[in-house]
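Read through the structure below, which is laid out as C-alpha cells, and then see the notes.
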C-alpha cells in the first residue's frame, strides 16, 4: 500500500510579509508608524544614552539636563560616530568624536572645532523623533510629521480608585518568557484573541497556570470592532455561577487582558503594548493600576511552581507556556502551512482587520483610532472585562 502524506517533497512554506514585517517602507511598518509606541520606561531616558531598537530602527534615548527626553538616530550627522558614546548635557547630547551637540529635536547647537561654534550649525539637523511621556512610559512617533496623531489617553489608567497608583513595567508580562521575545510580534498579538488556547495550554496541558476555572472550555464570541477584535467568553462553573470575561486586541498593538486569576472584576487592571523591535523580536510594555509596588510583576504565571527563568530545559519542554508555543513557531511563523478552523475565528478576524487598515492607508486615509487637530481629544475606553453572572 502506498504511503500517503509523508514529508517528502514538502513545499517550502512562507510567512505573510504584508502583516508581519515592520521595517520602514513595508506595509505593516508604515501602518504602525502612524501611531505612538512605548520605547522605554520614563527612567530609561536619563543622563546615560540608551540604545533602543524600534520597528527595525536603531535609536538612542536620553534626557537632557532640563529634563526633556530625546530620541535620535545613533549616527552623528558630522562624521558618523555613534551617539551611544555621547555625553548628555543641559541642552542636549554631545558627540564624543568632535563634540557636536544636538538638542532633543535634533538641532545642532554647537560645533566646538569650528570658528564661533560653527556659523553654519543651523544647517545641520540630527535625525530625531518626537516623544511624549505618560503612565510611566516614554512614547515615540516614528511616522510622517504631517500625519502625527494625538497620543491617546486610556480611561482605565486615568481613573484611579482610592489607594491605587500607576506602575509601569518593561519585562514583557504576559509574554510568558524573558523581556525580549525572539519571534514576530504578530504571533503574540493575535494570541490575545486566541481564546481557546487558554484551557489547553494554560489549563490541562501544563497544569493550572492560572486558576482551575480557566481550564474549563469556554463559549466564545468574537467581534470585529472599530479598533480591533474583541473576544467575549463564558464559562459555566460547578458552583452555579457563570464566568464572563472580555479580552481585546486594539490598535495599534494594545493587549487588553483581565487577570486570569479572577482577582478582581470590572475595568481591566492593566494595558499592554506589544512593541515590535524588528521582524523577529518583540517586547511588551505594561502600565497598570496597583495597590502595592510590584503588583504588576506579581501577575506573572508559574509553571511547575516556578517562574519561567527558573525552569530547567526539561521543565520548559514538560510545562510549556505562551513563550514556548509562540517562539517554537519560528522567527516568523509559516502562514502558508497553517490550517485554520472555527476555533481560530478571532485570529482570522484580526488578520482581516489589519488588512482593512492597510487598505485604508493605501487609499491615503487614516487608520483606525487616529485623532489629530486643534481641540481634538483622543481617549480609548475599555468596558468591564470580567464578572460573574447568574447561571
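The values are calculated or read from the model by the stated rules, or taken from the named source; none is laboratory data. Everything quoted here is computed from the prediction, not taken from an experiment. Note that we place each Cβ from the backbone using ideal geometry, even for glycine, and neighbour counts take in every protein chain shown.
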Check on residue 146, within 22 Å of the chain's Cα centre (by Cα) and either more than 26 Å from residue 69 (Cβ to Cβ) or without any contact (Cβ under 8 Å) to a residue 60 or more places away in the chain (or both): no
Given 204, 180, 193, which one is surrounded by fewer than 20 Cβ atoms within 10 Å (Cβ to Cβ), in the same structural domain as residue 376 (by TED's automatic domain parsing) and under 30 Å from residue 26 (Cα atoms)? 180
Looking only at residues that are in contact with a helix residue (DSSP H, G or I) (Cβ under 7 Å, 6 or more places away or on another chain) and assigned to a loop (DSSP other than H, G, I, E, B) in region 89-103, which one is nearest to residue 128 (Cα to Cα)? 95
The strands (runs of 3 or more DSSP E) lying entirely within region 154-263 that contain at least 3 residues which are farther than 14 Å from residue 321 by Cα and touching a helix residue (DSSP H, G or I) at 6+ places or on another chain (Cβ under 8 Å) are 165-169, 219-224, 228-236, 241-250
Qualifying positions in region 1-41 - exposed (fewer than 13 other Cβ atoms within 10 Å of the Cβ) and closer than 29 Å to residue 68 by Cβ: 24
Return the residue satisfying two criteria in turn: it lies in region 362-391 and is more than 29 Å from residue 29 (Cα to Cα), in a loop (DSSP other than H, G, I, E, B) and within 26 Å of the chain's Cα centre (by Cα), and of such residues it is modelled with the highest pLDDT. 385
Counting just the residues of region 69-88 that are surrounded by 16 or more Cβ atoms within 10 Å (Cβ to Cβ) and assigned to a loop (DSSP other than H, G, I, E, B), which one comes out farthest from the chain's Cα centre (by Cα)? 78
Which of the residues that make up region 254-278 are over 19 Å from residue 167 (Cα atoms) and surrounded by 23 or more Cβ atoms within 10 Å (Cβ to Cβ)? 276
Can we say residue 143 is outside the structural domain of residue 83 (by TED's automatic domain parsing) and surrounded by 15 or more Cβ atoms within 10 Å (Cβ to Cβ)? yes
From 64, 44, 110, residue being outside the structural domain of residue 280 (by TED's automatic domain parsing), under 28 Å from residue 281 (Cα atoms) and surrounded by 14 or more Cβ atoms within 10 Å (Cβ to Cβ): 44
Report whether or not residue 350 is over 30 Å from residue 239 (Cβ atoms), in contact with a strand residue (DSSP E or B) (Cβ under 6 Å, 6 or more places away or on another chain) and not in a strand (DSSP E or B). yes
Being touching a helix residue (DSSP H, G or I) at 6+ places or on another chain (Cβ under 7 Å) and not in a helix (DSSP H, G or I) is the filter; apply it to region 27-55 and report the residue that is nearest to residue 83 (Cα to Cα). 49
Would you pick out the residues in region 295-309 that are surrounded by fewer than 18 Cβ atoms within 10 Å (Cβ to Cβ), in contact with a strand residue (DSSP E or B) (Cβ under 8 Å, 6 or more places away or on another chain) and modelled with pLDDT of 90 or more? none
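Tell me, yes or no, whether region 297-308 has at least one residue that is in the same structural domain as residue 380 (by TED's automatic domain parsing), closer than 18 Å to residue 190 by Cβ and assigned to a strand (DSSP E or B).
no
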With the requirement that a residue be under 24 Å from residue 48 (Cα atoms) and touching a helix residue (DSSP H, G or I) at 6+ places or on another chain (Cβ under 9 Å), what does region 104-122 give you? 107, 108, 109, 110, 111
Looking only at residues that are out of contact with any strand residue (DSSP E or B) (no Cβ under 7 Å at 6 or more places or on another chain) and not in a loop (DSSP other than H, G, I, E, B) in region 123-153, which one is farthest from residue 55 (Cα to Cα)? 123
Residues that are outside the structural domain of residue 279 (by TED's automatic domain parsing), surrounded by 16 or more Cβ atoms within 10 Å (Cβ to Cβ) and under 31 Å from the mean Cα position of the chain (by Cα): does region 117-126 have at least one? yes
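Could you look through region 12-23, keep only residues that are assigned to a loop (DSSP other than H, G, I, E, B) and touching a residue at least 40 places away in the same chain (Cβ under 8 Å), and pick out the one that is farthest from residue 336 (Cα to Cα)?
23
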